[in-house]
Amino acid sequence: MCGIVGYIGDGNAYNVLVGGLHRLEYRGYDSAGIALVDNTGKLNIYKTKGKVNSLEAFCKDKNTESKIGIAHTRWATHGEPSDYNAHPHFSEDGNLALVHNGTIENYKVLKEALIEHGCHFHSETDTEVLVQLIEYIRVHNDCSMLEAVREALKQVVGAYAIAVIEKGDPDCIVAARKSSPLVVGVGDNEFFLASDASPFVEFTDNVVYLKDEEIVLIRRGEPLKLYSLDNKENEIDVRKLEMSISQLEKGGYPHFMLKEIFEQPSTLHDCIRGRVVNDGKYITLNGVNDNKETFMSARRIIFVACGTSWHSALIGKYLIQDMCRIPVEVEYASEFRYSHPVLTPHDIVIAISQSGETADTLAAIKIARGMGAFVYGISNVVGSSIPRETHSGTYIHVGPEIGVASTKAFTGQVMVLTMLALTIAELKNTMPKEDIERIAQWTLRMPELVEKVLGLAPDIERLSLIYTYARNFLYLGRGYSYPVALEGALKLKEISYIHAEGYPAAEMKHGPIALIDAEMPSVIIAPKDHLYEKIVSNVQQVKARGGNIIAIVTEGDDEIRKIADHVLEVPEVPECLTPIITSVPLQLLSYYIAINKGKDVDMPRNLAKSVTVE
Ligand code: M6R
């Protein structure tokens, strides 16, 4: 939610910042802005409603000369998307400019106090309160910007990643974070600052990930300085970035989403590499074998996640209950955190998050840790907050996911969950060794089989034309295919804005069946598994009510072919691996329908890639 970029060096700050904003646009795109100090010491702030392209158009005839600046792309929380609510915000005297990602929960109280002291506000945002507060402290305490930022942050309740520049000091950026990500790139005589490393990956691979409640002083020509909120100097830990520029480009595809769908054979390969070894005879997953006792003695596993990651978690439940015989609960992180959860030190909480930054998931982790549970994290973004907040965990290693609609992260998460379940099953001896080995061998074949499924793209593109203008969709599945139905419906909703409902197929007759008519297509996920005969009767029930059916079936399935209007055949795999195979045609279907409708699939309205606010 909201992307921040900062630059200080000898290069053209405007170019670096705007390039960076384009990379961060997946985080929010309802307005964008930039603040630059020119060589005469003038602070120029340009901001506008709309995407980064609109900001560029707005800046065409403006003075953008500068070697220092900060910039922002916004996902609105407080105040509608508008020019005046766009960041950067500035202090009333025009001395400071600030960009912010997060939410200041006590902004109203702070605002009222500042108004009493004579401050005037120009926006409806919580952010403007922060910049006015910093300047108020700086002037009244006659202190440096660094000190003023520190004092102001002590008064703030909420989440923030901020960067501040001062007109009178064109050689310095002060930045800080709490619960919202911020990373500094250390180049040759230049520094970069951003919500993630993507804006500066072509300039440097030396990065410093800021920790919670850390303030960084970035001064031209001097080494970085890191401080805690109570003014202790912290050590600088420079890491090497594992990200390449090609991962951040569309690579010839019209959209990131399509690129990411088609990347899945290779991302699955990366996800399995080094983990399923010796032809499936040995599986090793970070953080499990070194916590053997904890996993072997767990009385319960509770998943916490949001959105697509929650759907993966639901698949995790089926996997772990099937293979490890441990009771599993799956919770929306946002509900879990306010549900007075009952946890004990014998519970394992598994948090799943692509971004590693989702605010609700982070809050759930903190609660679980506080109650003594062991917390394991599954995320994609290296250096993000969730891996830092958990006791142990692993990465899915699918590379940066930029399309707002999650695709390759979903299949990566399911693959990691499969390996996790197999690992625990082996530790606990809850599955015959040969079955573990057989499934592990199948995981190695998944990249090649997903490649085959991608060959359905032209058929799915044609099929999408028939249903582009449907107003409602029903997605049905049972067992492992039920979470896939939920995920298929979410993909369609978020990028095509068509109402779609995912449902357990057998539950349909308890209500949703009333909706079925020729106008409402049903997508039925019906691979050959132990519930196959049951789902065949669900397919018949839909047909008997005049519904149109698109069925995802196992190759060679003649039974459903006779009933359904359209079938998409996928290769036969063990039941626990079907979600990886059956979700891919659904990703393609939603992509093509959205394209037919002329929607912006990479940046769907109202959404942002990582949700770092409640
Ligand atoms: O980064 P996370 O996995 O924690 O994100 C959770 C959801 O915000 C995310 O999965 C969202 O639902 C996606 N847009 C789905 O495509």
I'd like the full set of residues that are in contact (Cβ under 8 Å) with a residue 60 or more places away in the chain, in a helix (DSSP H, G or I) and not β-branched (Val, Ile, Thr), limited to the stretch 472-495.
SER481, TYR482, PRO483, LEU486, GLU487, GLY488, LEU490, LYS491, LEU492, GLU494
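Of the residues CYS143, CYS172, CYS119, which is surrounded by fewer than 22 Cβ atoms within 10 Å (Cβ to Cβ) and either closer than 16 Å to PRO88 by Cβ or not assigned by TED's automatic domain parsing to the domain that holds ASN39 (or both)?
That would be CYS172, the only listed residue that is surrounded by fewer than 22 Cβ atoms within 10 Å (Cβ to Cβ) and either closer than 16 Å to PRO88 by Cβ or not assigned by TED's automatic domain parsing to the domain that holds ASN39 (or both).
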May I ask you to verify whether ILE402 is surrounded by 24 or more Cβ atoms within 10 Å (Cβ to Cβ), within 16 Å of the chain's Cα centre (by Cα) and under 21 Å from LEU182 (Cα atoms)?
no
Name the residues in the stretch 325-341 that are surrounded by fewer than 24 Cβ atoms within 10 Å (Cβ to Cβ) and not aliphatic (A, V, I, L, M), would you?
ARG325, PRO327, GLU329, GLU331, TYR332, SER334, GLU335, ARG337, TYR338, SER339, HIS340, PRO341
Listed residues ALA409, ALA364; which is over 23 Å from GLU242 (Cβ atoms), surrounded by 20 or more Cβ atoms within 10 Å (Cβ to Cβ) and within 16 Å of the ligand (Cβ to nearest atom)?
ALA364
Quick one: GLU151 ticks every box in (1) free of Cβ contacts under 8 Å to residues at least 40 places away in the same chain; (2) closer than 17 Å to ILE68 by Cα except a single one, so which number is it?
(2)
Residues that are in contact with an Asp or Glu (Cβ under 7 Å, 6 or more places away or on another chain) and aromatic (Phe, Trp, Tyr): does the stretch 404-414 have at least one?
yes
Hey, does the stretch 289-302 have a residue that's over 20 Å from PRO579 (Cα atoms), away from the ligand (no atom under 16 Å from the Cβ) and small (Gly, Ala, Ser)?
yes
Working only within the stretch 143-168, note down all residues that are in a loop (DSSP other than H, G, I, E, B) and among the small types (Gly, Ala, Ser).
SER144, GLY168
Does TYR395 qualify as being within 14 Å of the ligand (Cβ to nearest atom) and under 30 Å from GLU575 (Cα atoms)?
yes
With respect to THR430, is the statement that it is among the polar types (S, T, N, Q), more than 21 Å from LEU268 (Cβ to Cβ) and either assigned to a strand (DSSP E or B) or in contact (Cβ under 8 Å) with a residue 12 or more places away in the chain (or both) true?
yes
Return yes or no: is ALA485 surrounded by 18 or more Cβ atoms within 10 Å (Cβ to Cβ), closer than 23 Å to GLN541 by Cα, within 16 Å of the ligand (Cβ to nearest atom) and in the same structural domain as GLN540 (by TED's automatic domain parsing)?
yes
Residues to consider are VAL404, VAL382; find the one that is within 22 Å of LEU285 (Cβ to Cβ), out of contact with any Ser or Thr (no Cβ under 6 Å at 6 or more places or on another chain) and within 15 Å of the ligand (Cβ to nearest atom).
VAL382
Restricting attention to the stretch 172-192, report how many residues are touching a helix residue (DSSP H, G or I) at 6+ places or on another chain (Cβ under 8 Å), closer than 11 Å to SER385 by Cβ, assigned to a strand (DSSP E or B) and not hydroxyl-bearing (Ser, Thr, Tyr).
1
Residue in the stretch 336-350 that is modelled with pLDDT under 95, among the charged types (D, E, K, R) and away from the ligand (no atom under 13 Å from the Cβ) present:
yes
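Just give me the residues in the stretch 255-292 being of a type in the set (D, E, K, R) and either touching a helix residue (DSSP H, G or I) at 6+ places or on another chain (Cβ under 9 Å) or in a helix (DSSP H, G or I) (or both), in sequence order.
Within the stretch 255-292, LYS259, GLU260, GLU263, ASP270, ARG275, ASP279, LYS281, ASP290, LYS292 qualify.
Results for (1) within 14 Å of the ligand (Cβ to nearest atom); (2) modelled with pLDDT under 95; (3) in the same structural domain as ALA489 (by TED's automatic domain parsing), shown as yes or no for each residue.
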{"position": "VAL277", "(1), (2), (3)": "no, yes, no"}
{"position": "ALA305", "(1), (2), (3)": "yes, no, no"}
{"position": "GLU331", "(1), (2), (3)": "yes, no, no"}
{"position": "ALA359", "(1), (2), (3)": "yes, yes, no"}
In this structure, is VAL99 of a type outside the set (Gly, Ala, Ser) and within 25 Å of LEU21 (Cα to Cα)?
yes
Members of the stretch 32-89 found to be without any contact (Cβ under 8 Å) to a residue 24 or more places away in the chain and among the hydrophobic types (A, V, I, L, M, F, W, C), listed by number
ALA57, PHE58
Testing THR344 on (1) polar (S, T, N, Q); (2) surrounded by fewer than 24 Cβ atoms within 10 Å (Cβ to Cβ); (3) touching a residue at least 60 places away in the same chain (Cβ under 8 Å), one condition comes back false. Which one is that?
(3)
Taking the stretch 587-614 and keeping residues more than 12 Å from the ligand (Cβ to nearest atom) and under 16 Å from GLY477 (Cα atoms) leaves none
Just to be sure, is GLY479 away from the ligand (no atom under 16 Å from the Cβ) and out of contact with any Asp or Glu (no Cβ under 9 Å at 6 or more places or on another chain)?
no
Exactly one of (1) crowded, with 23+ Cβ neighbours inside 10 Å; (2) more than 24 Å from GLN354 (Cα to Cα) is unmet by MET415. Its number?
(2)
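The values are calculated or read from the model by the stated rules, or taken from the named source; none is laboratory data. Quantities reported herein were computed from a predicted structural model and do not represent experimental measurements. All Cβ positions, glycine included, derive from the backbone under ideal geometry; neighbour counts span all protein chains shown.
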